[in-house]
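Shown next, in structure tokens, is the structure this report addresses.
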Amino acid sequence: MTIDIITLFPEAFECIMSFGPIRKAVESGSLKIRFFNPVDFAPHPKQVDDEPYGGGAGMVMKPEPLYKALQKAKEGFSESYVIYMSPQGRILTQEKVKELSGREHLVLISGRYKGIDERIMAFVDEEISIGDYVLSGGEIPAMVILDAVARLLPGAMSDPDSWRTDSFEDGLLDAPYYTRPREFMGMEVPEVLLSGHHGKIEKWRRYQRLKRTLLKRPDLLKKAKLSEEDRRILEEIKRELGIEE
Ligand code: 4FV
């Protein structure tokens with residue numbers, strides 16, 4: 001897949017592209033990343049922002065340089081999916097990440113200043129937010145999508161199966177992890193994990209995922225794929241912890 005990023009600061013991405021799943025996905029050929037800087041599409045004197053009509057503080061990104069950068073990025077692609085990163089967007093989820101990782105061409109528009117001229121939204125397929133707070137630019141949100149999508153691509157992860165047990169994979173939070181040493185600061189590793197009994201270990205991890213999701217993100221349980229056994233375990237945990245409905 002190709003992920004194009006429209007940004008005034010392409011240099012901001014150099015670091016996260018130089019290691020980990022993003023670099024490995026690019027090296028394995030499953031991912032191509034390109035940058036389009038609106039400045040390169042702005043007529044002299046290269047103005048990419050201007051005052052907002054109607055007054056008010058801050059500046060707005062001008063439509064023409066953004067439009068030309070977008071047209072250039074879409075050249076040669078039959079199907080491009082254009083995303084504008086903004087607080088007005090739907091909050092990014094792993095479900096959305098998986099959907100995006102199946103596409104051939106993504107264009108991520110990273111705004112700056114107060115945002116982009118609203119007329120560019122006519123060329124945007126989806127608005128996505130990474131959370132209910134305000135950043136100084138859309139670059140970090142674009143990096144979030146880049147990392148979350150890249151790690152699902154062939155060649156990105158040393159253990160391709162690793163993401164299968166990730167949080168949200170089946171709508172639940174992940175189980176706790178332990179590694180050597182067996183004893184740390186007086187704290188032991190749960191016995192079952194040392195038993196080598198994979199059935200018991202799987203059961204324990206499922207129990208932990210259900211319990212942690214119930215305690216930390218009960219909202220997720222509504223959408224999670226739960227078996228009858230899961231529901232029975234959840235009722236048992238609620239009884240144990242005295243959690244009312
Ligand atoms: C943001 C977010 C975000 C708003 C104005 C960039 C800033 C500035 N994007 N999720 N939260 N964007 O705060 O995606 O241009």
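Every number here is computed from the coordinates shown, using simple stated rules; none is lab data. Just so it is clear, the structure is predicted and the values come from calculations on it, not from any experiment. For neighbour counting, all protein chains shown are included, and Cβ atoms are generated from backbone atoms with ideal geometry for every residue, glycine included.
Couple of notes before you dig in:
- Zero-based 10 Å bins, Cα pair distances in the stretch 1-111, whole percents: 12, 38, 35, 12, 2
- P(r) tail fraction, the chain - alpha-carbon pairs more than 34 Å apart, %: 34 percent
- Charges were assigned to the Cβ only: +1 to each Lys and Arg, -1 to each Asp and Glu. The resulting dipole of the chain about its Cα centre is roughly 440 debye.
- In nm, spacing of pseudo-spin labels at Ser167 and Glu244 (7 Å Cα→C-beta vector): 2.9 nm
- One chain, two ends: Leu215 and Met185. Fully extended at 0.36 nm per residue, the span grows by 8.2 nm beyond their Cα-Cα distance.
- Each of Tyr133 and Ser195 was given a label point 7 Å from its Cα along the Cα-to-Cβ line. The distance between the two points is 4.1 nm.
- Our summary gives the chain a relative contact order of 20 percent, counting only alpha carbon pairs under 8 angstrom and 6 or more residues apart.
- Using θ = phi - 60° and Karplus 6.51 cos²θ - 1.76 cosθ + 1.60, couplings along the stretch 94-111 (whole Hz; Gly, Pro as x): 5, 4, 5, 4, 4, 4, 5, 5, x, 8, 7, 9, 10, 10, 9, 9, 9, x
- When the C-alpha to C-alpha distance is required to be over 20 Å, the pairs from Lys32/Lys62; Lys98/Lys211; Lys62/Lys98; Lys96/Lys203; Lys203/Lys238; Lys74/Lys114 that qualify are Lys32/Lys62; Lys98/Lys211; Lys62/Lys98; Lys96/Lys203; Lys74/Lys114.
- Taking other Cβ atoms within 10 Å as a rough exposure proxy, Met1, Met85, Met185, Met61 sort from fewest to most as Met185, Met1, Met61, Met85.
- Largest first, the three principal axis extents of the alpha carbons in the stretch 67-122 are 30, 30, 16 Å in whole numbers.
- Residues Arg119, Arg180 arranged by fewest to most Cβ contacts within 10 Å: Arg180, Arg119
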